[in-house]
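For reference, the structure discussed in these notes is given below.
The values are calculated or read from the model by the stated rules, or taken from the named source; none is laboratory data. Keep in mind it's a predicted model, so treat the numbers as computed, not measured. Cβ sites come from the backbone with ideal geometry, for glycine too, and all protein chains shown count toward neighbours. We work out accessible area using only protein heavy atoms, side chains counted, and drop any ligands, DNA or RNA first. Shrake-Rupley method; radii C 1.70, N 1.55, O 1.52, S 1.80 Å.
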Amino acid sequence: MVDTKSLMQASTCFTMFNKCAMDPLCYSHIDLTKAFKYVDDRVLHTLLNRSGKQLRSLKLGRVDAPGSVFRSSCLPPLIHYRNSASRSLKLGRDAPSPGCFFTRSCLDPLKLTGNLLTSLHIYFLGFMNMDSLLDSLSACSNLTDLKIVGVNVLLEPILELLARKCCLIEHLFLDNCYQGMITYPTIKLFVTNCLKITSLTLLDFRLNDAMAQILVTGFRILKYINLSNTAGITGSFLRNLGHRSNDSPLQTLILRDCFSLQEREVVEFLNSLIGETSDPLDTLMYQATTV
Amino acid sequence: MSSKKIVLTSSDDECFEIDEAVARKMQMVAHMIDDDCADKAIRLQNVTGKILAIIIEYCKKHVDDVEAKNEFVTWDAEFVKNIDMDTLFKLLDAADYLIVIGLKNLIAQAIADYTADKTVNEIRELFNIENDYTPEEEEELRKKNEWAFN
């Protein structure tokens, strides 16, 4: 399997490769991250059509885009919900994301081709139409791996949708570059319904300790959790975790750049781990920001 | 506990005595064992000793890998890393013939990885491919997939 750009190059070598490249199986894993500068909705639509019923994974966008560009963006947030056209017009045209020619509804074809999709990674597509994204994800009921980085959308509706429509999700990576809020009911619904989560990364979310505790202790088979850049946690949620670490399959806990994290809480947590006869937690990473 | 030994003979008469469990990782050999040919040395007419040695090395490593697939990702990557292209193609043929599916997939992916980020002409050179497109056909194809040629 090669990325889709390389597939197109290979198909131009001689006619037999071109015949091979017409097989829908060649498009079961569409990876356009190496062609981010030139692909657009039309290209994506063509490739999704070629995949027919074989589509299993899709990667879009620019993997190595400098995140700081978006973090320091002064663009006004623009969320397209239904009946918000007037607001959209009022704010005017968005500046396009650097090197990205996808429209905000570029994932619409997944409504027809996404039902067997298991993996979706989207990187730095900038602003996307929220309804369009939710409708597309809604069609991907077999999704087990979702990664959204550098996309200016509210992530709470996505968590809620995963809980309602994509319960098979196992690996979730969400980078909250839009800085949206997340609420207790959504977290509880997510934890209750997405029982197969083994790997969870929620970057830059505004979680408090109670929310973190629900996430860390709520998934029965969670092995990896990364809550870096979470401003609201002091670390008190670690108390409960420390006392039940023997029962937990958790192996990796990452809390980098959580600037409210209290060193005292971390020390007590580590002490409680040392006191256990076994130590299932293989990796604990925190980087307290000291003033 | 004594383990049964199987002797495999390559096309150039090189002999390898290996555990039956290792030999069974090659499905074709497993079929021959089950067909009660196991008393004799099994001759593999289409596989040279050099290639067979590499395949046996892979099968020994993966003899117990039914469950723990992820453990071998790093080993597999190292295994194919220093194999030259010519040997990779011979391994691919042999893995297909002997029905060693994991190795076949690994080798195929290694060959495919060589094509990543290469131009059309570089791929032709790599695989010694003769271009059978007319200039017009090739131009049309490049234009059709213009996004991949920028």
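Condition (residue is more than 22 Å from A:T4 (Cβ to Cβ), modelled with pLDDT of 80 or more, within 9 Å of chain A (Cβ to nearest Cβ) and open to solvent by 30 Å² or more (accessible area, probe 1.4 Å)) applied to region B:97-112: is it met by at least one residue?
No, region B:97-112 contains no residue that is more than 22 Å from A:T4 (Cβ to Cβ), modelled with pLDDT of 80 or more, within 9 Å of chain A (Cβ to nearest Cβ) and open to solvent by 30 Å² or more (accessible area, probe 1.4 Å).
Which of the residues spanning region A:222-238 are open to solvent by 40 Å² or more (accessible area, probe 1.4 Å) and among the aromatic types (F, W, Y)?
Correct list: A:Y224 only.
Quickly run through region A:35-57 and pick out the residues that are more than 21 Å from A:D145 (Cβ to Cβ), surrounded by 15 or more Cβ atoms within 10 Å (Cβ to Cβ) and more than 10 Å from every other protein chain (Cβ to nearest Cβ).
A:D41, A:R50, listed by residue number.
Suppose we filter A:F205, A:F219, A:F190 for residues that are touching a residue at least 40 places away in the same chain (Cβ under 8 Å) and open to solvent by less than 20 Å² (accessible area, probe 1.4 Å); which single one remains? Reasoning before the result, please.
Numbers: A:F219 fails: touching a residue at least 40 places away in the same chain (Cβ under 8 Å); A:F190 fails: touching a residue at least 40 places away in the same chain (Cβ under 8 Å).
Among A:F205, A:F219, A:F190, only A:F205 is touching a residue at least 40 places away in the same chain (Cβ under 8 Å) and open to solvent by less than 20 Å² (accessible area, probe 1.4 Å).
Kindly establish whether A:L60 is more than 10 Å from every other protein chain (Cβ to nearest Cβ), assigned to a helix (DSSP H, G or I) and open to solvent by less than 40 Å² (accessible area, probe 1.4 Å).
Details: more than 10 Å from every other protein chain (Cβ to nearest Cβ): yes; assigned to a helix (DSSP H, G or I): no; open to solvent by less than 40 Å² (accessible area, probe 1.4 Å): yes.
It is false that A:L60 is more than 10 Å from every other protein chain (Cβ to nearest Cβ), assigned to a helix (DSSP H, G or I) and open to solvent by less than 40 Å² (accessible area, probe 1.4 Å).
Tell me whether region A:133-152 contains one or more residues that are aliphatic (A, V, I, L, M) and modelled with pLDDT under 90.
Yes, region A:133-152 contains a residue that is aliphatic (A, V, I, L, M) and modelled with pLDDT under 90.
When you look at B:E122, is it out of contact with any helix residue (DSSP H, G or I) (no Cβ under 7 Å at 6 or more places or on another chain), without any contact (Cβ under 8 Å) to a residue 60 or more places away in the chain and outside the structural domain of B:T48 (by TED's automatic domain parsing), yes or no?
Yes: the conditions hold for B:E122.
Which one of these does A:R206 not meet: (1) among the charged types (D, E, K, R); (2) farther than 21 Å from A:T144 by Cα; (3) assigned to a helix (DSSP H, G or I)?
Checking A:R206 against (1) among the charged types (D, E, K, R); (2) farther than 21 Å from A:T144 by Cα; (3) assigned to a helix (DSSP H, G or I), the one that fails is (3).
Cβ-Cβ under 9 Å, sequence separation 6+ or interchain: first residue in region B:104-117 and assigned to a helix (DSSP H, G or I), partner of a type in the set (D, E). Which pairs?
Sorted first by the residue in region B:104-117, then by its partner, the pairs are B:K104/B:D96; B:L106/B:D76; B:T115/B:E122.
Test B:L91 against the criterion of being away from every other protein chain (no Cβ under 14 Å), among the hydrophobic types (A, V, I, L, M, F, W, C) and surrounded by 15 or more Cβ atoms within 10 Å (Cβ to Cβ), and give yes or no.
The answer is yes for B:L91.
Tell me, please, whether a residue that is in contact with a Gly (Cβ under 7 Å, 6 or more places away or on another chain) and crowded, with 17+ Cβ neighbours inside 10 Å can be found in region A:245-261.
If we filter region A:245-261 for residues that are in contact with a Gly (Cβ under 7 Å, 6 or more places away or on another chain), which is where we start, we get A:260-261.
In the following step, the residues that additionally are crowded, with 17+ Cβ neighbours inside 10 Å were identified as A:261.
Checking region A:245-261: at least one residue is in contact with a Gly (Cβ under 7 Å, 6 or more places away or on another chain) and crowded, with 17+ Cβ neighbours inside 10 Å.
If you take the residues of region B:118-150 that are within 18 Å of B:V80 (Cβ to Cβ) and either of a type outside the set (K, R) or touching a strand residue (DSSP E or B) at 6+ places or on another chain (Cβ under 9 Å) (or both), which of them is farthest from the other protein chains (Cβ to nearest Cβ)? Can you show your working first?
Filtering region B:118-150 down to residues within 18 Å of B:V80 (Cβ to Cβ) leaves B:118, B:126-127.
Of the ones still in play, those that are also either of a type outside the set (K, R) or touching a strand residue (DSSP E or B) at 6+ places or on another chain (Cβ under 9 Å) (or both) are B:126-127.
On the way: B:L126: 9, B:F127: 8 Å.
If we take residues in region B:118-150 being within 18 Å of B:V80 (Cβ to Cβ) and either of a type outside the set (K, R) or touching a strand residue (DSSP E or B) at 6+ places or on another chain (Cβ under 9 Å) (or both), then B:L126 is farthest from the other protein chains (Cβ to nearest Cβ).
In this structure, does A:M1 turn out to be in contact with a helix residue (DSSP H, G or I) (Cβ under 9 Å, 6 or more places away or on another chain), part of a loop (DSSP other than H, G, I, E, B) and more than 7 Å from chain B (Cβ to nearest Cβ)?
No, not satisfied.
Got a number for residues in region B:1-26 being hydroxyl-bearing (S, T, Y), modelled with pLDDT under 90 and within 18 Å of B:V100 (Cβ to Cβ)?
0
Might you let me know whether region A:235-244 holds any residue that is over 24 Å from A:H171 (Cβ atoms), part of a helix (DSSP H, G or I), at pLDDT 85 or above and of a type outside the set (D, E, K, R)? Spell out the reasoning first.
Going residue by residue through region A:235-244, those that are over 24 Å from A:H171 (Cβ atoms) are A:235-236, A:239-240, A:242-243.
From what's left, part of a helix (DSSP H, G or I): A:239-240, A:242-243.
Now restrict to residues that are at pLDDT 85 or above: none.
For region A:235-244, residues over 24 Å from A:H171 (Cβ atoms), part of a helix (DSSP H, G or I), at pLDDT 85 or above and of a type outside the set (D, E, K, R): absent.
If you take the residues of region A:9-34 that are buried (at least 21 other Cβ atoms within 10 Å of the Cβ) and facing chain B (nearest Cβ under 9 Å), which of them is nearest to A:V63 (Cα to Cα)?
Result: A:L32.
Which residue pairs have Cβ atoms closer than 7 Å, lie 6 or more positions apart in sequence or on different chains, and pair a first residue in region B:41-54 that is in a helix (DSSP H, G or I) with a second residue that is open to solvent by less than 10 Å² (accessible area, probe 1.4 Å) and not small (G, A, S)?
Taking only residues 6 or more apart or on different chains, the pairs are B:I51/B:L91; B:L52/B:L8; B:L52/B:L44; B:I54/B:L91.
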